[in-house]
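Bear in mind that the values in this text are calculations on the coordinates, not laboratory data. Nothing here was measured: the structure is a model prediction, and the numbers come from that model. Counting neighbours? That spans all protein chains shown, and the Cβs are built from the backbone with ideal geometry, glycine included.
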Amino acid sequence: MERETTHQAWLGTTACILLCLCTGPTGAEWAYAGHGGQSEWPSLFPECGGPSQSPVDVVTTQTRHEPSLITPQLLGYHQHRDTPFTLTNNGHTVEMSLPNWMGVAGLPWQFSAVQLHLHWGNGMNMAVGSEHTTDGQSASAELHVVHYNSELYANTSEAKSQENGLAVLAVLIEAGEEMNQAYDNILNHLDLIRHAGLSVAIPAFDVQALLPADLSRYFRYNGSLTTPPCHQSVLWTIFSERVKVSHSQLIMLETVLFSSKADEIQPTMLQNNYRSTQPLNHRVVLSSFIPGPVKIYTAGEIFAILLGCLCGCVGMAMIVHFIVKTFRAKDVTKDLKKDVTLHTTSDPGATEEATPQSEP
Ligand SMILES: *[C@@H]1O[C@H](CO)[C@@H](O)[C@H](O)[C@H]1NC(C)=O
Ligand SMILES: *[C@@H]1O[C@H](CO)[C@@H](O)[C@H](O)[C@H]1NC(C)=O
């Protein structure tokens, strides 16, 4: 009898442990909030508690201008060949696979493209959604184009946990009035992958069009993946110029997808998939430019400025020419007068000297 109770107790405990293991956050299970949420990441994935985590708040006055930071060169971003891209809802974001012939140069190593994905808010508050912030301010969303170090490593799985293994290009996204055609290449297909685990092949398009026009102004620092397991292997580039999508495009991104699978009883929206900013600790954020008020001139404005300068220069030259001419004229008259006075009132000897010449 006693034996049986012990046996039952054992069974009960084992069942309980098994149940806990299955429902609790195991190796692969994490979320942005609630069960397995951000505060639990460091205990589930030790690297998430490391000293060089991402994202960070970029305090522009505390960045260090580094003149050697050249403009990254995007390789093959424009080419879209015939191979379609695969768009996947992985339950944490929408991810688009990229071919490894795409890449980026101008970094300390050659990097090959792997995938791009987005982070966003909740369809209500446009003031949140990005992972990186600048001077404490969030953008509405953020694009990450992930590359692996193809000079040092064989593939992404090998590179992602190694030092200098990955390079991510980050673009801060804001909501504006105008529709952004490039982003529609992704957004138009979201309704086919509403639930986690779904994928769709989409027509290839010019990936560079998702990025800002000015790639020369950016921030650079060493950080981590912003999702578990938070490997501290990422060389970050955050472009200073932001990209704009329309309000309705942003709302589509923020309200169409679910983080739950199609067969789950309780559907959960895929929203607020951004990690809060992490301490910089002893890291320095470098900038490729001297941060200051950004003034982007349009082609028309540049033409007007050049025309203004040209007119100004011509005007100035005319004024200088006029002044010089006037002075010269004055000098000539003065000299003439001097000559006249010399000739008329000069010492009589001169005239006396001259007269004998004419006399003989
Ligand atoms: C990545 O490269 C390593 C080392 O060459 C290899 O063992 C591994 O199978 C590769 N993984 C993939 C996914 O190709
Ligand atoms: C990143 O770390 C490497 C050492 O692994 C260092 O050489 C490099 O200067 C760092 N880059 C930045 C932007 O801090």
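For this structure, a couple of remarks:
- With R₀ fixed at 22 Å, the C-beta to C-beta distance from residue 60 to residue 303 puts the FRET efficiency at about 0.10.
- Highest average packing first - 216-222, 34-40, Cβ atoms within 10 Å: 216-222, 34-40
- Subtracting the Cα-Cα distance of residue 281 and residue 155 from 0.36 nm times their residue separation leaves 42.4 nm of extension gain.
- For segment 2-296, alpha-carbon Rg over 2.2 N^0.38 Å: 1.08
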